[in-house]
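Engineer: Following this message is one structure expressed as structure tokens.
Throughout, read-outs are computed from the coordinates displayed, never taken from laboratory work. Fair warning: this is a prediction, and the values are worked out from it, not measured in the lab. All Cβ positions, even for glycine, are placed from backbone atoms using ideal geometry, and neighbour counts span all protein chains on display.
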Amino acid sequence: MVRQAFDRVDTGDAEVVISTQPPSFSHLHPRHLALFFHHHRVYYDLEDVYVEAGFVEDPDAHRRAGAIIRELDQPRLDAIGWFLAGSQTVADRLAHFGGQTNVSLFHAGVGVGDDAEAVPETPPGTGPVLSISRMEFPKRSELAVAAAHLLPHQPMSLVGTGSRELWVRHLDHVMGTGRVDPAEMTPNEVWCNTGREAQPVPDGFASHVEFAGRVSDDDLELRFRDAPCVLAVAHDEDYGLTAIEAMRHGRPVIVCRDGGGLTELVVHEQTGLVVEPTPRAVADAVQRLVADRDLAAELGRNGRARASEFSWANAVEEFRAGLEKVDR
């Protein structure tokens with residue numbers, strides 16, 4: 001087992017152990033600081049939605065396995081001296097599932113704070129709406145595509161790749177050819193599914209949705225400059241670096257009410273818009289920002305100020321505070 005491998009790691013001479021990705025938190029050490037962004041999510045906070053999406057053949061067996069995993073994790077989590085949670089959302093999960101309250105927050109930076117001036121302030125763009133995300137469950141690139149097809153004259157650019165790209169492209173095709181109405185589709189038909197029913201898109205299909213894939217840093221800078229707004233519509237996100245990066249560029253961000261950490265970063269009608277997780281609600285938010293450039297500019301300016309709070313200098317201070325909790 002992976003846990004046994006961590007147990008075999010000799011840290012007896014280490015003054016402090018810092019764990020990151022699960023299950024590294026299972027390592028036992030008297031001064032253990034966990035930089036914690038998530039549990040094994042399909043057995044914790046994503047268990048219900050993972051089952052609902054159809055990823056498991058036997059839901060009862062999956063839930064029993066989850067109960068066993070949580071039971072095994074509990075004493076190892078209890079042994080951790082202090083947690084640095086990546087967001088309040090993550091801190092709430094720790095309290096909900098295991099009763100951990102020895103927690104403070106750690107807000108990762110993205111080259112903001114002292115470096116914020118490196119991104120010049122520009123008015124909202126008039127090009128494609130921008131979505132930057134891995135195409136994985138439950139990042140919901142599908143929701144962005146569905147919203148795009150309710151705005152046929154507004155181009156959209158998707159930056160990123162992932163295992164669900166074929167499904168996202170399939171949705172783009174069936175919506176673009178009028179086979180389905182995105183406004184009438186349920187979450188299970190759009191994003192809460194396995195994506196295994198995807199069909200290859202025929203050659204020659206043209207869409208106002210661009211699948212940009214991986215892009216260079218310089219290309220991404222241009223896309224931020226040209227965008228009127230940025231979509232970050234993931235379900236129950238741990239944190240939300242994309243939103244901070246968008247705000248750093250002065251672009252209003254659209255997130256969903258069930259977006260987890262994203263809703264901690266984006267304040268409705270101050271730094272962006274927080275909407276219901278439906279194609280129509282996302283499309284209406286895009287249309288509002290595209291039509292009202294003054295509002296988009298105001299939210300963008302507020303966002304730049306908000307992004308400056310998430311500097312690595314501040315993150316270092318949060319880290320030091322956590323370290324002091326275990327280094328006693």
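Engineer: Would you kindly derive the ³J(HN,Hα) couplings of segment 186-192 from the backbone phi angles with the Karplus curve 6.51 cos²θ - 1.76 cosθ + 1.60 (θ = phi - 60°), listing them in order in whole Hz, with x for Gly and Pro?
Structural biologist: 8, x, 5, 7, 8, 10, 8
Engineer: For segment 144-184, list residues with backbone N below 14 Å from a point placed 7 Å from the Cα of residue 134 toward its Cβ?
Structural biologist: Counting only backbone N, you get 160-165.
Engineer: To continue, here is another question. Suppose every K and R has +1 on its Cβ and every D and E has -1 on its Cβ; what is the size of the dipole of segment 113-307 about the Cα centre, in Debye to the nearest 20?
Structural biologist: 240 debye
Engineer: To continue, here is another question. To the nearest 0.05, what FRET efficiency results for residue 194 and residue 63 with a Förster distance of 22 Å applied to their C-beta separation?
Structural biologist: 0.80
Engineer: Subtracting the Cα-Cα distance from 0.36 nm times the residue separation, let me have the gained length for residue 79 to residue 280 in nm, one decimal.
Structural biologist: Contour length minus the Cα-Cα distance gives 67.7 nm.
Engineer: Fully extended, how many nm does the chain gain between residue 206 and residue 121 (0.36 nm per residue separation, minus their Cα-Cα distance)?
Structural biologist: Contour length minus Cα-Cα distance gives 27.2 nm.
Engineer: What list of ³J(HN,Hα) values in whole Hz, one per residue of segment 103-109 in order, does the Karplus curve 6.51 cos²θ - 1.76 cosθ + 1.60 (θ = phi - 60°) give from phi, with Gly and Pro shown as x?
Structural biologist: Values, residue by residue: 9, 10, 9, 10, 9, 5, x Hz.
Engineer: Also, I was wondering about something else. Take the chain, connect every pair of alpha-carbon atoms lying under 10 Å apart with a spring to form a Gaussian network, then pick out the residue of 156, 185, 135 with the largest mean-square fluctuation.
Structural biologist: It is 185.
Engineer: For segment 113-307, state the semi-axes of the equivalent ellipsoid (square roots of 5 times the eigenvalues of the alpha-carbon gyration tensor), sorted largest first and rounded to whole angstrom.
Structural biologist: Each semi-axis is √(5λ); the values are 26, 17, 16 Å.
Engineer: Something else now. Please provide three numbers in whole Å: the alpha-carbon extents of the chain along the principal axes, with the largest listed first.
Structural biologist: The Cα atoms of the chain stretch 61, 51, 31 Å along the principal axes, largest first.
Engineer: A further question on this structure: Taking a point 7 angstrom from the Cα of residue 318 along the C-beta vector, which residues in segment 64-106 have backbone N less than 18 Å away?
Structural biologist: 82-95, 101-106
Engineer: For segment 147-180 and segment 215-269, compute the distance between their C-alpha centroids and round to whole Å.
Structural biologist: Value for the Cα centre distance between the two parts: 19 Å.
Engineer: OK, next. When the chain is fully extended, how far beyond the present Cα-Cα distance does residue 101 get from residue 268, taking 0.36 nm per residue of separation?
Structural biologist: 57.3 nm
Engineer: Right, something else. Which percent, nearest 5, of DSSP beta bridges in the chain are antiparallel?
Structural biologist: Given both bridge residues lie in the chain, the antiparallel proportion sits at roughly 5 percent.
Engineer: For segment 29-188, with only Lys/Arg (+1) and Asp/Glu (-1) charged at the beta-carbon, what is the dipole magnitude about the Cα centre, in debye rounded to 20?
Structural biologist: Approximately 260 debye in magnitude.
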